[in-house]
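Have a look at the structure below before the remarks.
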Amino acid sequence: MENKRIYFDNASTTKPSNEVVREMMQTYVSVFGNPSSLHSFGRDAVELVDRARKQVADAIGAKPNEIYFTSGGTEANNWAIRGFAYANKSKGNHIITSKIEHSSVLEECRKLEDEGFEVTYLDVDDKGLINFAELLHCITSRTILISIMTANNEVGTIQHIQAIAKTAREKGIRFHTDAVQAVGHIAFNVEAMSIDSMSISSHKLCGPKGVGALYIKNGLKIDNLIVGGHQERGLRGGTQNVPAIVGFGKAIELAVKDMAITNKKTRMLSEYLIKKLQDNFNEIKINGHSAQRVQGIVNVSFDNVKAESILAILDLHGIAVSAGSACNAGSTEPSHVLKAMGLDDILAQGSIRISFSKYNTKEEIDYFIETLIPIVTKLRTISPLRKRKK
């Protein structure tokens, strides 16, 4: 098994499915017109964009004219927060989010603080859930937006989104959710769930990179983030990436259609891995909610071991896992998610994320555990952290 290559980093990005690649290639070859052009080549392209828009809308219970294509989840999150904040600043300047959001939300909120907005960052418990009572306590007459992610990208914990969104609507506050890690794993109906805006990313759904969407409920006032063109009904300038949009539409359609089957498999793989970890290692901690979580994400902390060392050696054996969000790769700081959940620096820095897709197998997990045992044993033997008092 020396040449075996195993990909366990699907929360970072997924392998595009054959059906998606096939439709994209057909588009590259046959439909190259600019969707904004008025001639037949442009009409052919816009027809495909409109079809994909409907596929995305149908997947989340929205209307096609509420879907705006973006370059991905980061742009969608930036746009949802900054665009809404500035379009509605006459109504208030207070935003509520959580301490475990994706960096594209947290960094945008910090920029807005520098520009005069007020932001409340909610704590979470040791499972990664926000405190609903704290949320209610933080709402003021100046609160205009609540942004809470549906499922955390590092530990998979799912928030009580519908209850949060309903409360926001009752109080006249708009609600946005980063659903990048959740779409395709849990069912959505944005209207029934009182969601005002939602960020989605294609490459988490076995679709192409570089494309995503922001759902914006009709009637929601929001400023442009990208200007310079009248694409996306005048709200997002820039020529649409037609092949990527086509791939995104196909990917989300397949993800929703196959969701029950995929969830069943990834749940089985997650439970199998957790048991293997608990049977073969001591001084570990499984992070996140044991039940209320996205299937396919397992985050585990190894006491007295640096995650970067584990990752590097696993990579030499052809196994790909991560030490948290890919967007924070290279950072020497402990995960902000795990720190907010109460882990100390040593446990947080010893945490790896294993994430599955429909393509993974139990046999790959067996090989992973077999490879991991001597790695952790060796690293703990030489670790200066062993001197820490138990």
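Placing +1 on the Cβ of every Lys and Arg and -1 on the Cβ of every Asp and Glu, with nothing else charged, gives segment 145-276 a dipole about its Cα centre of roughly 260 debye. With θ taken as phi - 60° and the Karplus curve 6.51 cos²θ - 1.76 cosθ + 1.60 applied, the whole-hertz 3J(HN,Hα) list for segment 56-72 is 5, 4, 4, 5, 10, x, 10, 8, x, 7, 9, 9, 10, 6, 10, 7, x Hz, x standing for glycine and proline.
Pull up the DSSP beta bridges for the chain and report the antiparallel fraction as a percent, rounded to 5.
Numbers: 22 of 40 bridges.
Of all bridge pairs located within the chain, approximately 55 percent are antiparallel.
In terms of distances greater than 32 angstrom between alpha carbons, the cross-link table entries K171/K265; K204/K362; K4/K264; K257/K362; K15/K89 yield K171/K265; K15/K89.
Per residue Cα convex hull volume for the chain, in cubic angstrom? Please list the in-between numbers first.
Working: hull volume 55.5 nm³, N = 390.
Per residue, the Cα convex hull of the chain comes to 142 Å³.
All C-alpha to C-alpha distances of segment 279-373, sorted into 5 Å bins beginning at zero, yield P(r) values of 2, 12, 24, 27, 21, 11, 3 percent in whole numbers. Per residue, the convex hull spanned by the Cα atoms of segment 48-107 measures out at 117 cubic angstrom.
With K and R counted +1 and D and E -1, the other residues having a Cβ less than 13 Å from that of V119 yield a net charge of -2.
Lys and Arg at +1, Asp and Glu at -1: add these up for the other residues within a Cβ distance under 13 Å of R169 and post the number.
Numbers: positive: K166, K171, R174, K217; negative: E170, E191, D196.
That works out to +1.
Suppose only helical runs count, i.e. DSSP H with n ≥ 4. What mean residue ellipticity at 222 nm does that imply for the chain under -39500 (n - 2.57) per run, divided by all residues and rounded to the nearest 500 deg cm²/dmol? Don't jump to the answer; show the numbers that get you there.
Numbers: 13 runs with 152 residues, N = 390.
Counting only the DSSP helices, I get -12000 deg cm²/dmol.
For the chain, the relative contact order is 23 percent, taking Cα pairs closer than 8 Å that sit 6 or more residues apart in sequence and dividing their mean separation by the residue count.
For segment 95-237, the spread of Cα coordinates along the three principal axes comes to 42, 35, 30 Å, biggest extent given first. Just to be sure I understand the curve: with the Debye formula and one point per C-alpha of segment 218-334, what is log10 I(q)/I(0) at q = 0.12, 0.18 Å⁻¹? These q points yield log10 I(q)/I(0) values of -0.76, -1.08. Could you work out the local net charge near G234, counting Lys and Arg as +1, Asp and Glu as -1, over the other residues with Cβ closer than 14 Å to its Cβ? Combined, the nearby Lys, Arg, Asp and Glu give +1.
Each reported figure results from applying straightforward, stated rules to the coordinates on display, with no laboratory input. As the structure is a prediction and not an experimental result, all values here were calculated from the model. Backbone-built Cβ (ideal geometry, glycine too); neighbour counts: all protein chains shown.
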